[in-house]
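Worksheet: one structure, shown below.
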Amino acid sequence: MNAPLPAEVLKQHLIDPEICIRCNTCEETCPIKAITHDSNNYVVDPDICNGCMACVPPCPTGAIDNWRLMVRAEAYGVQEQLGWEELPGEKALPETAAALPADDVPAATDLAAPAPFSAPGATVPPWSAAHPYVNLYTHKTPMTATVVGNYRVTGADTESDIHHIVLDFGELPFPVLEGQSIGILPPGVDAQGRPHHARQYSLASPRDGERAGYNNLSLTVKRVTEDHAGAAAHGVCSNYLCDLAKNDKVQVIGPFGHTFLMPNHPRANLIMICTGTGSAPMRAMTERYRRRIDTGENGRLLLFFGARTERELPYFGPLMKLPRDFIDINLALSRETGQPKRYVQDLIRERAASVRELLADRNTCIYVCGLKGMEVGVLDALRDVTVQGGQDWSILHDALRREGRLHFETY
Ligand code: A2P
């Protein structure tokens, strides 16, 4: 009698819907388009995923790092995963299952050697970054914060309604670092009657609080009234946040992020490139430096900040009050009457000599945050200034990523 053929076993890659904050990072990072999503979940297609691990280090929550040994023919399909509210448990394999050789299936612990450089930025933090806490509070165990401030930071007569919102955590721990983000759970349900998913916002305040020594933090939130194409759209969470009053309670999860972190060592330089609300982490890092201005340990700060007009540039007033020898500010205004349209990448080219000088210093880290569209433009500008200086951009770009010195957060 013939023995049954051994069933092929797959180490199936899954995303935990209870931890995922739907930030789209994994889908953008996957080099072979194995990740997809609907209004409920982000999922991995078992017929496409090759376990390359490129998506794992960039995931800010770790929701991406879930694996199940499955008989390949019984792998969870895309449609099934899209309907999940939680991950299924481990299944026992049939005795006929033939495990693949260990080398053929990626282990979740193989993270030390992620697929190199499939993303434009680093997947590791700078060597001197402080160690971040992540996922202290989850969808199942959110923390309640109290609104202690909410005010507009753009001109009242402009279309850009951007708010500075301060949340206080009272006596409960919520340790954060500059560059990290949190999730806000807006109240209510979506069109399918499910509770809204969390929305992610970068911190605008440094690690020791919006007010130094207080257990609070701030966010920079733009009220969303239209989509990327300019059609009318109501941003569920941004409108909720912008309308909050003092003493209102907010459900918070996080913190998230373990790579977009600032260096901690003395004389580290920062090149900060942002548009609109992408200024939040730049404000956090700048404020961290400002609070230790008297230590003499600060490196140089070079800021490229894009907005439609001065009045639509969040924090314009306080930013322009900072001493010129503390921060080198370059504003790219795209819709200022009587001025040519300028983007941050134009100013990077104009300031090529300063950018090159800082890029040549291994104490320099670069942070890019804001509109997705600027990613390519900024990379091109950095390449151009490098090449003009007689350097090889691909070598420098690889070094910046390997050393955790080039970071993107775009949306
Ligand atoms: P634009 O006037 O062309 O929209 P927003 O106010 O929509 O958040 O945008 C912030 C700034 O980023 C605006 O000045 C906007 O210019 C600019 N911007 C738009 N697309 C890009 C891009 N691809 N690269 C750099 N900046 C951009």
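The values are calculated or read from the model by the stated rules, or taken from the named source; none is laboratory data. This is a predicted model, so every value here is computed, not measured. Here the Cβ is made from the backbone with ideal geometry for all residues, glycine too, and neighbour counts use every protein chain on show. Remember, those area values only see protein heavy atoms, side chains included, never the ligands or the DNA or RNA. Shrake-Rupley method; radii C 1.70, N 1.55, O 1.52, S 1.80 Å.
Observations, loosely collected:
- The range 348-411: equivalent-ellipsoid semi-axes (sqrt of 5 x gyration tensor eigenvalues, Cα, Å): 18, 14, 11
- Taking every DSSP helix (H) stretch of at least 4 residues in the chain, weighting each as -39,500 (n - 2.57) and dividing the sum by the residue count yields a mean residue ellipticity at 222 nm of -5000 deg cm²/dmol.
- Per residue, the range 1-74 exposes 45 Å² of solvent-accessible protein surface, assessed with a 1.4 angstrom probe and all protein chains in place.
- When the chain is treated as a GNM with alpha-carbon contacts under 10 Å, the residue of Cys26, Cys237, Cys52 showing the greatest mean-square fluctuation is Cys52.
- Building the convex hull from the alpha-carbon atoms of the chain and averaging its projection over directions returns 22.9 nm².
- Segments 260-267, 346-353, 173-180 sorted - mean Cβ within 10 Å per residue, highest first: 173-180, 260-267, 346-353
- Gain upon complete extension [Arg152, Ile395; 0.36 nm per residue less C-alpha separation]: 83.2 nm
- Divide the volume of the convex hull around the Cα atoms of the range 296-411 by the residue count and you get 120 Å³ per residue.
- Spin-label model, Ala232 to Arg349: label points 7 Å out along the Cα-to-beta-carbon direction sit 3.9 nm apart.
- Accessible area of the range 303-366 divided out per residue, in Å², using a probe of 1.4 angstrom: 52
- Normalised by the number of residues in the chain, the average gap of Cα pairs under 8 Å and 6 or more apart makes the relative contact order 16 percent.
- Computed FRET value (nearest 0.05) for Lys249 with Asp190, which takes r as the C-beta separation and R₀ as 25 Å: 0.75
- For the chain: lysine pairs under 21 Å (alpha-carbon distance), excluding those fewer than 8 apart on one chain: 8
- The residues packed around Thr61, meaning those with a beta-carbon under 11 Å from its beta-carbon, carry a net charge of -2 if Lys and Arg are +1 and Asp and Glu are -1.
- All-pairs Cα distance distribution in the range 211-253, expressed in whole percent, bin size 10 Å: 22, 45, 23, 9, 1
- Cut-off 15 Å between beta-carbons: net charge of the residues surrounding Phe174, Lys and Arg +1, Asp and Glu -1: -2
- Calculated log₁₀ intensity ratio I(q)/I(0) where the Debye formula runs over C-alpha points of the range 143-258, q = 0.14, 0.16, 0.23 Å⁻¹: -0.59, -0.76, -1.40
- Looking at the range 131-249, the accessible area is 48 square angstrom per residue; that uses a 1.4 Å probe and ignores ligands, DNA and RNA.
- Within a Gaussian network of the chain (alpha carbon springs, distance under 10 Å), most fluctuating of Phe256, Phe305, Phe316: Phe316
- Whole-percent carbon and sulfur share, accessible surface of the chain, 1.4 Å: 53
- GNM flexibility winner over the chain from Lys372, Lys91, Lys222 (Cα, springs under 10 Å): Lys91
- Across q = 0.10, 0.12, 0.14, 0.21 Å⁻¹, the range 199-309 modelled as identical point scatterers on its alpha-carbon atoms has Debye log10 I(q)/I(0) values of -0.37, -0.53, -0.70, -1.30, in the order of the q list.
- Measuring between their Cα centroids, the range 147-218 and the range 17-84 lie 28 Å from each other.
- Where only alpha carbons of the range 1-90 are counted, the Rg and the Dmax (Å): 13.9, 54
- Averaging the sequence gap over all C-alpha pairs within less than 8 Å and six or more residues apart, then dividing by the number of residues, gives the range 266-326 a relative contact order of 46 percent.
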